[in-house]
Amino acid sequence: MNVRICLVTLGLALGCYGLLSAAAELSAVPRPAFPSDPTRIAPPASEVPDWLPAVPLVRSDLESSHALIAALQTIQRGKPGGGASPDNMRDRSRVKRALSLAPYDAELWLALALLESQHDPSGPAMLEALKMTYFTAPNDTRLMPVRLDTATQFDALIDPDLAELARGDVRLMLARRAELKTAVVLAYRRASKRGKEFLEQAVKAIDPSSVATLRG
């Protein structure tokens with residue numbers, strides 16, 4: 001009798017899982033590519049259904065996508081140091097929850113760093129999230145423009161590890177990916193005083209002829 005009850009319960013649980021997973025799949029919004037231009041971070045026009053935050057334990061892949069979309073929407077609306085708005089607080093929690101299921105997702109780590117920069121640009125949470133972006137995707141050129149912009153715009157470079165990681169981005173962007181040189185120039189124009197000094201030194205060590213372009 002107990003075995004039969006267990007089997008029935010298991011069957012119902014699997015059935016509910018299948019239905020919920022199918023409903024989540026049908027309602028899913030496609031995961032966007034992470035924006036490469038830090039000045040034009042724009043999420044997809046489609047809104048994430050309100051009920052889908054209840055799905056993370058069922059479909060972690062969909063939760064990661066939806067957490068990223070929601071984060072991009074909040075990043076677009078906010079500004080660095082703008083404080084912890086309700087949307088910012090909600091989406092930081094949601095991204096952290098998604099990362100607990102997918103800690104290797106570099107795009108989510110970068111989205112979290114940008115959300116943290118709106119809350120506290122010089123706080124340890126922003127530094128750690130940005131550092132994790134490097135650790136999980138050190139050579140991902142898609143993320144380098146926004147990653148370098150974030151590192152040089154705020155006080156992230158006070159962390160010697162982050163400064164070395166950002167220097168590696170500059171090296172790759174200048175030496176191996178000529179199309180990313182404009183992203184280095186854009187980061188310089190948006191950088192803090194410390195960030196500008198860092199970029200000038202990094203570029204001078206790699207390609208001295210490009211320093212004039214930075215200051216251009």
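Checking A166, A212, A205 one by one, the residue that is of a type in the set (G, A, S), assigned to a helix (DSSP H, G or I) and surrounded by 16 or more Cβ atoms within 10 Å (Cβ to Cβ) is A166 and no other. The residues of segment 172-202 that are in contact with a helix residue (DSSP H, G or I) (Cβ under 9 Å, 6 or more places away or on another chain), among the basic types (K, R) and assigned to a loop (DSSP other than H, G, I, E, B) amount to a single one, R177.
All told, A187 falls short of being surrounded by 19 or more Cβ atoms within 10 Å (Cβ to Cβ) and under 20 Å from R77 (Cα atoms).
For segment 98-110, which residues satisfy the criterion of being closer than 17 Å to L162 by Cα and either among the small types (G, A, S) or modelled with pLDDT under 90 (or both)? Answer for segment 98-110, where residues must be closer than 17 Å to L162 by Cα and either among the small types (G, A, S) or modelled with pLDDT under 90 (or both): just A106. Of the residues that make up segment 207-215, is at least one within 27 Å of E128 (Cα to Cα) and among the aliphatic types (A, V, I, L, M)? The answer is no, given that none of the residues of segment 207-215 is within 27 Å of E128 (Cα to Cα) and among the aliphatic types (A, V, I, L, M).
The values are calculated or read from the model by the stated rules, or taken from the named source; none is laboratory data. What you are looking at is a predicted structure, and each value in this text was computed from that prediction instead of being measured. Cβ sites come from the backbone with ideal geometry, for glycine too, and all protein chains shown count toward neighbours.
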